[in-house]
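Okay, structure first, notes after.
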Amino acid sequence: MHRHDDPTAAPGASDNVPAPPRNARRRARTIAMLAAAVAAAAVLSPTAVLSPTAAAEPASATEPVPSRGCGTSTTGPGQSINLFEAAGRTGSFILDVPPSAPGTPLPVVFDVHGYLQPALMQRQWSGVGDFGMRNGFVTVTPEVYDGLPRWDFSDGGRDIAYLSALLTHVEQTLCVDRRRVYMTGLSMGAFTTSSVACQLSDRFAAVAPVAGLQDFSWCRPTRPVPVVAFHGTADTFLAYTGGMGPVGEALPATDGSARTAAQQHAADPDTDLLPKPVGIPEQAAMWAARNGCGGAPATGPVTGDVTRTVFACGADASVELYTIDGGGHTWPGGDTSTVPTPLVGKVASSISATQIIWDFFRAHPLRGPIA
């Protein structure tokens with residue numbers, strides 16, 4: 001500020017400057033009093049400061065939060081398989097790290113396998129790992145060694161603790177963005193993803209269950225969790241209308257017992273380890289209600305065999321469901337070369353679930369302070 005613009009500068013700095021007329025001095029005092037009143041109102045009344053500029057979200061609410069590994073990581077780009085033990089569990093994870101500038105915090109996507117489906121198969125079927133290599137995010141495809149490939153995703157389940165510890169390990173050994181950590185999964189991996197949204201909502205920003213969205217009565221996330229889900233109407237494992245399909249009923253029991261899943265359900269119909277007898281659209285509506293969404297959802301076509309239902313939610317509480325007409329227990333747009341389609345059903349080719357998921361994730365970082 002130049003001295004002659006400074007309101008605190010003495011107006012009589014030169015004896016040759018004439019004093020302003022009395023009416024001008026009066027106007028100046030009036031303007032000063034009005035300015036003081038406006039300033040006081042701005043302090044005392046929160047509505048007084050609302051404006052397009054003031055209401056804009058601060059950059060600090062969405063800017064990357066570097067993990068501890070950003071100062072120490074020596075892991076370069078590429079793929080690796082790594083052993084990992086935590087929470088009394090032994091397992092491993094496939095790690096896909098894309099090329100990036102040193103010290104750049106990268107987003108992370110956990111890609112979780114389904115029942116009887118190891119991590120290598122999940123990576124092949126979903127294609128998330130390869131997609132992440134091309135699109136600049138780290139992919140973690142985990143599994144635990146416990147006989148048949150499965151997850152304990154129950155309330156307080158040990159595999160939820162394992163996945164939380166694995167995320168901590170990733171944050172400590174890689175340079176990742178703690179504000180942009182996400183999870184997706186297929187089938188039982190979708191159950192686990194739903195459970196993580198309930199139990200680790202302070203760490204995972206958004207989730208994408210594929211062929212297995214679930215709502216749990218005990219679910220109490222600490223904030224609304226954005227959810228995008230996919231399900232086929234001809235799924236014979238996890239029925240679109242709720243519960244198990246005929247193929248799902250014939251599978252081995254998910255609790256490790258020497259029974260079928262149907263026998264397991266008959267003995268314990270309320271178990272969280274099997275799908276709830278509630279249709280997928282109703283499950284999505286329950287998530288929307290939990291997120292505080294209101295009003296009727298909007299449903300419209302995406303392609304000839306895919307419709308999308310969007311619930312009336314806030315920007316940080318989005319819930320969307322993609323319904324695949326005639327779709328099987330599969331990953332839409334995923335691999336078809338190794339998927340046993342006579343068993344699992346049709347793989348939709350009109351959309352890419354992976355692309356839709358990534359677009360959804362990018363729009364939903366974990367906002368606000370991060371502990």
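The values are calculated or read from the model by the stated rules, or taken from the named source; none is laboratory data. What you are looking at is a predicted structure, and each value in this text was computed from that prediction instead of being measured. Please note: Cβ atoms are built from the backbone with ideal geometry, for glycine as well, and neighbour counts cover all protein chains shown.
Cβ-Cβ contacts under 6 Å between residues 6 or more apart (or on different chains), taken from a first residue in region 56-79 that is more than 17 Å from residue 366 (Cα to Cα) and part of a helix (DSSP H, G or I) to a second residue that is at pLDDT 95 or above and among the hydroxyl-bearing types (Ser, Thr, Tyr), are listed as 69/173. So for region 119-135 (the condition being surrounded by fewer than 20 Cβ atoms within 10 Å (Cβ to Cβ), modelled with pLDDT under 95, out of contact with any strand residue (DSSP E or B) (no Cβ under 9 Å at 6 or more places or on another chain) and under 21 Å from residue 254 (Cα atoms)), does at least one residue qualify? Looking through region 119-135, none of the residues is surrounded by fewer than 20 Cβ atoms within 10 Å (Cβ to Cβ), modelled with pLDDT under 95, out of contact with any strand residue (DSSP E or B) (no Cβ under 9 Å at 6 or more places or on another chain) and under 21 Å from residue 254 (Cα atoms). Let me confirm something: among 157, 189, 147, which residue is within 30 Å of residue 251 (Cα to Cα) and buried (at least 21 other Cβ atoms within 10 Å of the Cβ)? After applying the criteria, what remains is 189. Contact annotation: residue pairs with Cβ atoms under 7 Å, 6 or more positions apart or on different chains, pairing a residue in region 172-196 that is over 17 Å from residue 359 (Cα atoms) and at pLDDT 95 or above with a partner that is part of a helix (DSSP H, G or I) and among the basic types (Lys, Arg), are 172/68.
Note on region 314-336: among residues that are buried (at least 18 other Cβ atoms within 10 Å of the Cβ) and of a type in the set (S, T, N, Q), the one that is farthest from residue 114 (Cα to Cα) is 318. For region 198-209, state whether one or more residues are more than 30 Å from residue 64 (Cβ to Cβ) and of a type outside the set (A, V, I, L, M, F, W, C). Within region 198-209, none of the residues are more than 30 Å from residue 64 (Cβ to Cβ) and of a type outside the set (A, V, I, L, M, F, W, C). Selection of strands (runs of 3 or more DSSP E) fully inside region 285-371 by the criterion of at least 1 residues being touching a helix residue (DSSP H, G or I) at 6+ places or on another chain (Cβ under 6 Å) and closer than 14 Å to residue 206 by Cβ returns 319-324.
Checking each residue in region 341-371 for being of a type in the set (S, T, N, Q) and crowded, with 20+ Cβ neighbours inside 10 Å picks out only 354.
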